[in-house]
């Protein structure tokens, strides 16, 4: 995915990403041009190796897609939230209390903060490729949980 830096004040209903000139002032907010999503919680450059390793596994699971949303890079199975990557970490959705405790004990981490609010979601640190591999069983549990439930029609 191509991610570029633009100035949010230069965006309007009439502006497309291709029409923004190259001389603009840089703001440090990442934008995915096709979707227009601001990725302010995910630094694509800093996380490129970890994202590549994470994507290499999770995107091979049947029905899993990634999408930039809410300033993060999110992963879904049939529109059910699996988790999302943030700079230096991952948030795995709806783990059991035991799994959440195991994850916290193994990796540490901190609550996810969005703006001035601290949510109930836990950011598990990802600093090395080894961390991605070690954390995948928890992501896999979430995937197996949502992929085993019937889709409502």
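The values are calculated or read from the model by the stated rules, or taken from the named source; none is laboratory data. Since we're looking at a predicted model, the values are computed, not measured. Note: ideal-geometry Cβ built from the backbone for every residue, glycine included; neighbour counts use all protein chains shown.
Yes/no matrix, rows are residues, columns are (1) modelled with pLDDT of 90 or more; (2) under 21 Å from residue 50 (Cα atoms); (3) not in a loop (DSSP other than H, G, I, E, B):
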| position | (1), (2), (3) |
| --- | --- |
| 60 | yes, yes, no |
| 74 | yes, yes, yes |
| 82 | yes, yes, yes |
| 95 | no, no, no |
| 133 | yes, yes, yes |
| 138 | yes, yes, yes |
| 146 | yes, no, yes |
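In the set 46, 67, 40, which member is at pLDDT below 95, buried (at least 17 other Cβ atoms within 10 Å of the Cβ) and out of contact with any helix residue (DSSP H, G or I) (no Cβ under 9 Å at 6 or more places or on another chain)? It would help to see each step written out before you state the result.
Numbers: 46 fails: buried (at least 17 other Cβ atoms within 10 Å of the Cβ); 67 fails: buried (at least 17 other Cβ atoms within 10 Å of the Cβ).
Answer to the check: 40.
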